[in-house]
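The values are calculated or read from the model by the stated rules, or taken from the named source; none is laboratory data. The structure presented is a predicted model; accordingly, all values stated were derived computationally and were not measured. Positions of Cβ are generated from backbone atoms using ideal geometry, with glycine treated the same way; all protein chains shown enter the neighbour counts. Note: accessible area is taken over every heavy atom of the protein model, side chains too, but ligands, DNA and RNA are not part of it. Shrake-Rupley method; radii C 1.70, N 1.55, O 1.52, S 1.80 Å.
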Amino acid sequence: MRLCSIASGSSGNCIYVGSEATHLLIDAGISGKRVEAGLNELELTGRDIDAILITHEHADHIAGLGVLARKFGIPIYATAGTIRAMKNCSGTKGVDESLYHEVGEDRKFTVKDLVVNPMRISHDAAQPVGYRVAYGSKKVAVCTDLGVYNDYTVECLKGMDALLLEANHDVNMLQVGPYPYYLKQRILGDRGHLSNENSGKLLCRILHDNLKTVLLGHLSKENNLPELAYESVRMEVNMSEVPYHSGDFELRVAKRSEVTAPVIL
């Protein structure tokens, strides 16, 4: 099983999860051309993709969806609210209705030999979700775009072998940065994005002996730095009371606009 970020950041997101037989994309928020180039680096093409799982309808998650779906006829999985919202977006015009497949939070479904389980997240979108994907006993999750986490989030993310987790912003950089007040409040709000500090606090609650790799993703271009996200999350783990240290698992930052080395389970 492989987990690989093709692109992750406030300007576009596309994550690959797959087995030998099944190939999924979680979001397609970069151009179709860039998605195809990323897949080529993984020795795949658009024709190999069995499904695209959409977390929510914001442009940085669906910008290339229409192009890929129309070109390759790839099935699209999303919640009912997200599907309704996507159909109102100009980029998805002309996508065959039969390609849309409705999913529900905590309702498992299968794509060939992979089991997918959507989870609720708190974000200012129609009906957003994160995704957990299992292949046999191996489990990975992609969880970004959440303003807050709670006990439900923690339970959903326990027992993962690998995880792509949001570390969107440094609170201080955001507060003193150039964004208008309303946008700062949105990002900091309960339906906004997870800060570096809160990403580390969430991670502390889901660490376990078999967690192999954590990729930090969806970093803000204006309000974060890869080194800052890495150090902030690392320090949260090391200064917490949990019986784990940041050296007990691999911690990396997913690259904004290029393919990050895959996690192989």
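Structure notes:
- Within a straight-line Cα-Cα reach of under 18 Å, residue 158 can be paired with the following lysines, leaving aside sequence neighbours fewer than 8 residues apart in one chain: 108, 138, 139, 201, 212.
- Computed lengthening from residue 257 to residue 89, 0.36 nm per intervening residue step minus Cα-Cα distance: 58.1 nm
- Whole-Hz ³J(HN,Hα) from phi, Karplus 6.51 cos²θ - 1.76 cosθ + 1.60, for region 69-83, glycine and proline x: 5, 5, 6, 10, x, 7, x, 10, 10, 6, 5, 4, x, 5, 4
- Nearby lysines by direct alpha-carbon distance to residue 221 (threshold 18 angstrom, same-chain neighbours under 8 apart not counted): 184, 255
- Couplings 3J(HN,Hα) for region 239-254, derived from phi with the Karplus relation 6.51 cos²θ - 1.76 cosθ + 1.60 (θ = phi - 60°), are 9, 7, 9, 6, x, 10, 10, 4, x, 7, 8, 7, 10, 9, 10, 5 Hz, where x marks Gly and Pro.
- From phi via Karplus (6.51, -1.76, 1.60), per-residue ³J(HN,Hα) for region 36-47 in Hz, x at Gly/Pro: 4, 5, x, 4, 4, 5, 8, 6, 10, 10, x, 5
- Under a model in which nothing but the beta-carbon of Lys, Arg (+1) and Asp, Glu (-1) is charged, region 68-123 shows a dipole of about 160 debye around its Cα centre.
- For the chain, calculated [θ]222 nm from helices alone, where every DSSP H run of n ≥ 4 adds -39500 (n - 2.57): -8000 deg cm²/dmol
- Counting DSSP beta bridges with both ends in the chain, the antiparallel % (nearest 5): 50 percent
- At most 16 other Cβ within 10 Å, DSSP loop - trypsin sites (Lys or Arg not before Pro), region 154-206: 158, 191
- Residue list for region 200-217, given a label point 7 angstrom along the Cα-to-Cβ vector of residue 171 and an amide N cut-off under 19 Å: 200-205
- Summarising the strand pairing of region 112-171, around 75 percent of its internal DSSP beta bridges are antiparallel.
- With DNA, RNA and ligands ignored, accessible area of residue 151 (1.4 Å probe; Å², nearest 10): 100 Å²
- Region 48-154: trypsin sites (Lys or Arg not before Pro) falling in loop per DSSP and having at most 16 other Cβ within 10 Å: 93, 107, 108, 112
- Å² of accessible area per residue within the chain, as computed with a 1.4 Å probe and no ligands counted: 42 Å²
- Protein accessible area in the chain, 1.4 Å probe - carbon and sulfur %: 49 percent
- GNM result for the chain, Cα springs below 10 Å: residue of 98, 246, 220 fluctuating most strongly: 98
- 17 Å cut-off, amide nitrogen to a point 7 angstrom out along residue 197 Cα→Cβ, residues in region 144-164: 147-149
- Antiparallel content of DSSP bridges confined to region 1-130, in %, to 5: 60 percent
- Across region 32-170, Cα-Cα pairs more than 24 Å apart make up 31 percent of the total.
- Here the contact order of region 35-91, divided by its residue count and restricted to Cα pairs under 8 Å and six or more residues apart, works out to 36 percent.
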